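No value in this document is a laboratory result; all are computed from the given coordinates. Treat the numbers as computed from the prediction; the structure is a model and nothing was measured. Methodologically, a virtual Cβ is constructed for each residue, glycine included, from the backbone with ideal geometry; neighbour enumeration extends over all protein chains shown.
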Amino acid sequence: MDVILTGASGLIGSALRPALAATGHRVIALVRRPVRGADEVTWDPPSGRLDRASIEGAGAAVHLAGVGIAEKRWTDEHKRAMRDSRVQGTGLLARAIAELNRPPAVLVSASAVGYYGDRGDEILDELSPPGDGFLPDLCVAWETATSPAEHAGTRVVHMRIGIVLSKSGGALRKQLPLFNVGLGGRFGSGRQWQSWITIDDVLRAIQHLFTADVAGPVNLTTPNPVTNEVFTKTLGKVLRRPAVLPIPKFGPSLVLGGELTENLLYSSLRVVPKQLEASGFEFAHPELEGALRHVLDKPIAA
């Protein structure tokens, strides 16, 4: 079937596009740059521009577009860009879907586990309420912007995505240089929970959600979140490097700024994928060590 895809150049989108093509789907990528082929369509969320006829009849839509959360310090300007890129883009796509004669059966729209905020040791599933602060507020607005599509009868899934393990980008790639030279370690006490998933399982989960009998929020994390201390020790083990030096908060704060550092590295999110598992999805990489070995191509030595 035809699949509408936004955010095709991002970490997930750049892997999803060929994965969809490999399973027989035709991808219609919405891009903000000049198109490079018949499988791309120009859109412009700030101006509300999207040719509805170009996406008519698609069977599914996957919405991943948005300014990167961890790209730079959270200045007022960058926080506004993060919010606008998500809310405007989601709203435009949802309104366009609602106006189609043949809308897609499902809209799989990105959100984030940041919805829950810093919650300590609390186990969080899809029924847990949102937390407090910028990220939870952003996620609530992001998810709410899909309402036109939902009201028009399209099944809407909000993917609350955790830390995506990939050597091509994201948090893991940023950690590898320090860990590869033996300078990696936990952040602060290391007691904060991290909810993670491999890029391969993200791609499989998205395609599973095309036909699964599920709507609303779906946590895209494995059933086995770990503390930051466990994560860093496991990464050190896989790389065969020491990971014993704790990283004090002032170091990342100097580079990233205090608010981003607090949200990205020190918030505790113990999230479980209750809805995804209930829908019949089976993880290929549910345990951290095996997941890291797969992603980094580090088999266990004989």
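Note on the range 156-226: Kirkwood hydrodynamic radius from all Cα pairs is 13.8 Å, rounded to one decimal.
When Lys and Arg each count +1 and Asp and Glu each count -1, what net charge do the other residues less than 11 Å away from ALA149, Cβ to Cβ, add up to? Don't jump to the answer; show the numbers that get you there.
Numbers: positive: ARG95, ARG155; negative: GLU99, GLU150.
Within the 11 Å Cβ shell, the charges total 0.
Would you mind counting up the charge near ARG52? Only other residues with Cβ under 13 Å from its Cβ, with Lys and Arg at +1 and Asp and Glu at -1. Residues close to ARG52 contribute a combined charge of 0.
Model label sites at ALA278 and SER253, defined 7 Å from Cα along the beta-carbon direction, differ in position by 4.0 nm.
Could you list log10 I(q)/I(0) for the range 262-302 at q = 0.14, 0.18, 0.20 Å⁻¹, which the Debye formula gives when each Cα is one point scatterer? With no solvent term, the Cα-only Debye profile gives -0.54, -0.77, -0.85. Projecting the alpha carbon convex hull of the chain along each direction and taking the average yields 15.8 nm². In the chain, the calculated helix contribution to ellipticity at 222 nm averages -11000 deg cm²/dmol per residue, counting -39,500 (n - 2.57) for every DSSP H run with n ≥ 4.
For the chain, the longest piece that avoids every one of the trypsin sites (Lys or Arg not before Pro) found in DSSP loops with at most 10 other C-beta atoms within 10 Å covers 37-239. Annotation: extensible slack from SER9 through SER147 equals 47.1 nm (criterion: 0.36 nm per residue apart, minus Cα-Cα distance). The alpha carbons of the range 1-112 occupy a box of 41, 30, 27 Å along the principal axes, longest dimension given first. Helix 134-144 and the longest principal axis of the C-alpha atoms of the chain enclose an angle of approximately 30°.
Please report the antiparallel percentage of the DSSP beta bridges confined to the chain, to the nearest 5.
Values: 4 of 38 bridges.
Beta bridges within the chain, antiparallel portion: roughly 10 percent.
Between the C-alpha center of the range 176-245 and that of the range 98-165 there is a gap of 20 Å. Count Lys and Arg as plus one, Asp and Glu as minus one, and take only other residues whose Cβ is under 15 Å from that of ILE28; the net charge is then +1. Given LYS233/LYS298; LYS72/LYS274; LYS237/LYS274, which pairs have Cα atoms separated by over 24 Å? Going by Cα-Cα distance, LYS72/LYS274; LYS237/LYS274 fall outside the 24 Å limit. The Rg/Rh ratio of the range 184-302, with Rg taken over Cα atoms and Rh as the Kirkwood radius over Cα pairs, comes to 1.02.
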